[in-house]
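Report on the following structure.
Bear in mind these aren't lab numbers, they're just calculated from the coordinates by the rules spelled out. Model, not experiment: these values are computed from the prediction. As a convention, Cβ positions derive from the backbone with ideal geometry for all residues, glycine included, and neighbour counts pool all protein chains shown.
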Amino acid sequence: MNANLNSEPIAHTAVRIGVLDRAGNRAQSFKEAAELRVSAPVFVAPVDEALMDHVSGRAILRQGVIPLPTGGVMFVIRIQLNDTQFVWLADPTDQEVWRALDAFRKTKQAGFELRSPEQVCFVPYETQDTTAILERFRSEIGRKDRMFIEAATALISYGDPAVTFESMRPNVKVNHHRVCILMTERVKATLAERGGITIFGPTAEAVVSNGLVPGTATVQ
């Protein structure tokens, strides 16, 4: 992954928001979730209705980091289905993120829930891969000077996902990227402090009271 980020404030921007859950909470809705261990993490993302036609086939998962100008990193969790990638940007200073990663490490399982206005697709994932590439950043927990939100919104607003997130499949060009910020209580509080941000995703209504503007369409 390659990215050129800066932490300059953005006057107004629009971002997609993804959320975390556990497979046990999704088991009654999706038989695929019921087949996972109850503690396996589930990553939820908003998806354009038109993209649901691309949500099929075997998923490939990658974990990685993007260095930040502040000296820290941004975690990147992404899956690719055919010619489409879904990306979650996560804050390594956030304990809530680490709880999800620890659950993934212990269960070797995760779920990826892709939600459009009219459809939902649940993608189960099992692997023997580890989170070792992320583990060396555990000491980042609790830091408050990394400016994750500024960097994540800059990447979404001004970055080129085709350059930053290369295809995981040989000879398969990625034609669609959907990048979201992984919502936690800490991220929600930071977004509310900043203001001037339109959000798209399953948490939109929950954060309107904190001064954010809920979105009703996706951002290209």
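Brief remarks on what is shown
- Once the Cα-Cα distance is subtracted from the 0.36 nm per residue extended length, the Arg169 to Lys31 segment shows a gain of 46.9 nm.
- Built amide H within the under 5 Å cut-off of Val73, gap 5+: Leu68
- Charge dipole of segment 55-120 (Cα centre as origin; +1 on each Lys and Arg Cβ, -1 on each Asp and Glu Cβ, all else neutral): 340 debye, rounded to the nearest 20.
- Average Cα contact separation per residue, segment 1-132, under 8 Å, 6 or more apart, as relative contact order %: 26 percent
- Trypsin sites (Lys or Arg not before Pro) lying in DSSP loop within segment 47-125, provided at most 13 other Cβ fall within 10 Å: Arg58
- Residues of type lysines that Lys188 reaches as a straight line, Cα spacing below 26 Å, ignoring anything fewer than 8 places off in the same chain: Lys144
- Amide N of segment 79-106 lying under 13 Å from the label point, which is placed 7 angstrom from the Cα of Ile141 along Cα→Cβ: 92-103
- Amide hydrogen neighbours beyond the local backbone of Arg22, cut-off 5 Å, H modeled: Val42
- Cβ-placed point charges (K, R +1; D, E -1), dipole of segment 96-197 about Cα centre in debye, nearest 20: 180 debye
- Using Cβ point charges alone (K and R +1, D and E -1), the dipole size of segment 13-202 about the Cα centre works out to roughly 440 debye.
- For segment 60-132, the list of GluC sites (Glu not before Pro) that fall in a loop by DSSP and count at most 16 other C-beta atoms within 10 angstrom reads Glu118.
- Amide H contacts under 5 Å for Val123: Phe112, Glu113, Leu114, restricted to partners 5 or more places along the chain or on a different chain, H placed in the peptide plane at 1.01 Å from N.
- Whole-percent P(r), segment 13-202, all Cα pairs, 5 Å bins from 0: 1, 8, 17, 21, 22, 17, 10, 3, 0.
- Volume per residue of the convex hull around the Cα atoms, evaluated for segment 95-198, comes out as 160 Å³.
- Comparing Val174, Ala34, Gly142 along the charge dipole axis of segment 13-202, the residue lying farthest to the positive side is Gly142, per the Cβ-charge model.
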